[in-house]
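Taken together, the values in this text are just the output of simple stated rules run on the coordinates, not laboratory data. Everything quoted here is computed from the prediction, not taken from an experiment. Counting neighbours? That spans all protein chains shown, and the Cβs are built from the backbone with ideal geometry, glycine included.
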Amino acid sequence: MSDLKKILINKNLTCKSIWFMRQAGRYLPEFQDIRSKNPNFINLCFNSELCCEITLQPIKRFDLDSAIIFSDILLIPHVLGQKVKFIPNKGPNLNKFELEKFLNNKRKNFTEKLFPVYDAIRKTRKKLKKNKALIAFIGAPWTLITYMLGVKKNELKSLKDKKAVINKITEPLIDYLCTHIKNQVNAGADVIQIFDSWAGLLENSDLPDLCYEPNSKIVSYCKKNQIPTICFPKGIGKNYKDFNEKVRPDGLNLDYDLDPNWAKENLNDVVLQGGMHPEILFKSDEVIYKEAKKYLDIFKDVPYIFNLGHGILPETNPEKLDKLIKFVRKQK
Ligand code: CP3
């Protein structure tokens, strides 16, 4: 069993699990090389050979104990009928949402369209050592909805008008996401991370319905199926405590705005992961080591998974990441 799974399931303190969000990505020249030959990002996500190769790139380079499958949360709206395009330097662009079209989707077609993702997981699991975990992931309903309905930071006032549509799509979306989780686990994934990257956009009063409740339904589904989960409700500050108590995931990824001492004190019966600001990797080695040691010291007597408070930034020097991993491995 991988250290990641041992920590999440048995709370085994002596294991050391290190992995990074976006560990397969643009900061790696070997990824850039593949990417430059594959200008269509969505097509790349449906190429199981290349997804397998990209997933293993950071594993070959660094002493990591888990791989995260190369894919994207936006493949879900894409296969549900809302074509996704990635505009260079502008991010994702989705076709207009059509409720009828969305509701007319069939689960069988959904699974068939995502076959290349499951195939990539099968291929990767075969090539990955048994003691390394393969993490698969989904976007939480609210985060997917922000892209599907085009909810932007400064447009939250219009959220009220969108509530009726959101209510109609949340349940079917949860159902598709659970199907996607099950299919990924059947293909060989060991752990599921649930990204609610835009949870921080929500008013406190909307968190129960739009964040806690959907995450909780998905985590319950995973518990029933003995699938370990790590949630990441980014940007909700001290509401992490409420989130933890209502959703009860196995693991919780801290974002870089959270005070790790507060987190240790207030987030109980859950394995904590990450927290360090990804921009720290732009600093000198001394600053990086000092910051990493801060997290390791705070969490030294509880199960802790080393990671960051968000994904590795594209400008990161891979050498710095290598030094950080070696430093973390050296600590007791
Ligand atoms: O290494 C890994 O972590 C696995 C691969 C992974 C990608 N996306 C590949 C990717 C994962 C886990 C994701 C999750 C994802 N995708 C999230 C949640 C995590 C987070 O970052 O908050 C979100 C919100 C998305 C949606 C998305 N995909 C955006 C907004 C963008 C464009 C801007 C950006 O952040 O890169 C993508 C594209 C994307 N997904 C790239 C990669 C490597 C960059 C593609 C490129 O231009 O080469």
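One quarter of the convex hull surface built on the alpha carbon atoms of the range 182-332 amounts to 9.7 nm², the projected area averaged over directions. Here are some pairs, LYS182/LYS300; LYS6/LYS330; LYS152/LYS264; LYS16/LYS129; which of them have Cα atoms lying more than 26 Å apart in this structure? Pairs exceeding the cut-off: LYS182/LYS300; LYS152/LYS264.
Cβ-Cβ distance of ASN186 and THR14, R₀ of 30 Å, FRET efficiency by 1/(1 + (r/R0)^6): the value works out to about 0.45.
Karplus-based coupling profile of the range 76-86, in residue order and whole Hz: 5, x, 4, 6, 8, x, 10, 4, 10, 10, 9, with θ = phi - 60° in 6.51 cos²θ - 1.76 cosθ + 1.60 and x standing for Gly or Pro.
Ranked for footprinting exposure by Cβ neighbours inside 10 Å, fewest first, LYS223, LYS160 give LYS160, LYS223. Each DSSP beta bridge with both residues in the chain is either parallel or antiparallel, and the antiparallel ones are about 15%. The residue among THR143, ASN186, PRO116 whose Cα reaches farthest toward the positive pole of the charge dipole of the range 54-191, with charges on the beta-carbon of Lys, Arg, Asp and Glu, is PRO116. Considering only Cα atoms, the convex hull volume of the range 139-202 works out to 74 Å³ per residue.
In the distance distribution for the chain, Cα-Cα pairs more than 31 Å apart total 28 percent. Under a model in which nothing but the beta-carbon of Lys, Arg (+1) and Asp, Glu (-1) is charged, the chain shows a dipole of about 840 debye around its Cα centre. The alpha carbon radius of gyration of the range 1-144, expressed as a multiple of 2.2 N^0.38 Å, is 1.15. Put a dot 7 Å past the Cα of ASP269, heading toward its Cβ, do the same for LYS101, and the two dots end up 4.4 nm apart. Summing +1 for each Lys or Arg and -1 for each Asp or Glu, what net charge is found among the other residues whose Cβ lies under 12 Å from the Cβ of LYS234? Charge balance in the 12 Å sphere: -3. Model label sites at ASN89 and GLU30, defined 7 Å from Cα along the beta-carbon direction, differ in position by 2.9 nm. For the chain, the residue among HIS310, ILE280, ASN10 whose Cα projects farthest onto the positive side of the dipole built from Cβ charges is ASN10.
Between ASP242 and LYS160, the modelled label-to-label distance comes to 2.0 nm, taking each label 7 Å out from Cα in the direction of the beta carbon. For the range 60-197, a crude dipole built from +1 on the beta carbon of Lys and Arg and -1 on the beta carbon of Asp and Glu, taken about the Cα centre, is about 380 debye to the nearest 20. Residues VAL287, VAL271, VAL328 in ascending order of nearby Cβ atoms (within 10 Å, fewest first): VAL287, VAL328, VAL271.
Each Lys and Arg adds +1 at its Cβ and each Asp and Glu adds -1 at its Cβ; summed about the Cα centre, the range 174-332 shows a dipole of about 660 debye.
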